[in-house]
1. List the aspartates and glutamates whose Cα sits under 12 Å from the Cα of K432, skipping any in the same chain fewer than 8 residues away.
2. Rounded to whole Hz and in sequence order, give me ³J(HN,Hα) for the range 208-215 from the Karplus expression 6.51 cos²θ - 1.76 cosθ + 1.60, θ = phi - 60°, writing x for Gly and Pro.
3. With each pseudo-label sitting 7 Å past Cα toward Cβ, what's the L326-V282 distance in nm, one decimal?
4. Quick check: residue separation of V162 and I444 times 0.36 nm, minus the Cα distance between them. What number comes out in nm?
5. Can you list the HN-Hα couplings for the range 250-262, worked out from phi with the Karplus curve (6.51, -1.76, 1.60; θ = phi - 60°), rounded to whole Hz and with x for Gly and Pro?
6. Taking 7 Å along the Cα-to-C-beta vector as the label spot, tell me the S241-L104 distance in nanometres, rounded to one decimal.
7. Contour minus end-to-end for S339 and V60, with contour as 0.36 nm per residue of separation and end-to-end as the Cα-Cα distance?
8. Over 5 Å intervals from 0, what percent of Cα-Cα pairs in the range 310-408 sits in each interval?
Amino acid sequence: MSRMRSGLASFVAAAVLASAPVQNVMAQTAAPAAAPAPAPAPAPAPAKPAGVTFTPYGFVLLNAYFDASPFATKDYPAFAQTTPDGGAFLMSARQSRFGLKVGLPEDGWTGAKVDLLLEADFKAGHLPTSATCTAVPAGGGTPTCSIGTANTASSAWYNGVVRLRQAYGTAAWKTSSGTFTLLAGQAYGLVNPLFATAIAWTADPLFWQAGNLWRRSPQVRLSYGNSFDAFGLTLDVAALSPADASAPVDFGAGNRSRMPDLEGRLGLSYKVDKKTTFAVGVSTHYNKRRYAQSGGQGDFDATEAVSGFDFDFNVPYVELKGEGFLARGADDTYAGIVSPAVNSFGTAASGFFARTVATQGGWAQVVLTPVPELNLYGGYGVEVADAKDLAGGSLASGTRSQNNMAAVGVIVNLSKAWKAAVEGMNTISRTKGGTRAEGKQLAISTKFDF
């Protein structure tokens, strides 16, 4: 048996050794593995639409105002008064706004990127209660009718009249040397372009007539902008249609001067991580007013000039911004406190002349954002007119000589599109005649953006 087992083992070993070369040859001559199939080519990106694009925007804003003392208007605390009519409660949705941005295809030989903007709200005033008409003239004809001004007291106060805020087109050219832009239409002016943060005072901005100069006007503007790493530069010049507080725009002293208003602004900015953390600007305004006398004799030309600066520091959790200005003759052209800001003397027969009123002012505001859902702010604005320029002349004793405003607010961001706010304003107004009035307003607001 032992010899049989030994022989069997020898046979198996010999068989294994004999099969080894055959296995090696099979391994060497086996067909190579198939190469993986190539990945499919990515689908081409969808082509951008070549047609016109429309982007609507705006908001619905409801304000509730509690006036603890009388103001010239119940929904904006710009002019505190000493009249005995006391305080008021008022709700309004007239600041609600709607707008449309239009993008046009890039074609044509100019190569410009063209965009349009149209914007309106309901703060043009309100419809008067009734009209007053004279009798039909003797012998026939048409009676003369009057409906008063758009802001007279009216039972139709809530029927806000639509007004055009902005309507302009821009053509922009991006080059290796920067971006050049032409704007034509109605837009904001260049002097002191910032606005304070607020909800209750949006259409009529916070610190208006207390250091915050602003205007909208038909204009032609040329702009240049460029970036140098983290630094940015902007330069704007514009010719604007004149405005005047003492007469309708098309019959005002500014239009009578036969020249446009001229403005310019230089801005510098610094960004970190694509966020602006520092921005400053300087700006200037110049125009003429002509005060015509009977028969064209004794016409008098007055010069209006404004110099302004603005700043905005924005770091995590804190924003500090504000503006300041020096002006001569800045009335409704830039929403100054003196309206009109020209004090006239004499008559056409006895040496008529007009003296522009010098004013100065500014505002500052700090906005805290401890969490994204909450904004807390506090700010102060002041505007003062030169008492020597107000003395004598045609300006009434009730003309404001100084306005001070202090404001605080809490804004809650309830969602991306919904905000609510509680804000308060204290206004102190002084007049040429020496009166002093102080008023307080509390506003509760809700705002839905779209």
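Throughout, read-outs are computed from the coordinates displayed, never taken from laboratory work. Nothing here was measured: the structure is a model prediction, and the numbers come from that model. No Cβ is skipped: glycine too gets one built from the backbone with ideal geometry, and neighbour counts run over all protein chains shown.
1. D386, D389
2. Result, rounded to whole Hz: 4, 6, 9, x, 9, 7, 7, 7.
3. Using points 7 Å along Cα→Cβ, the separation is 1.1 nm.
4. 99.2 nm
5. With coefficients 6.51, -1.76 and 1.60, one gets 7, 10, x, 5, x, 5, 5, 6, 6, 8, x, 6, 10 Hz.
6. Going by the 7 Å Cα→Cβ label model, 2.0 nm.
7. Value of the extension gain: 97.3 nm.
8. 3, 12, 19, 16, 13, 10, 8, 7, 5, 4, 2, 1, 1, 0
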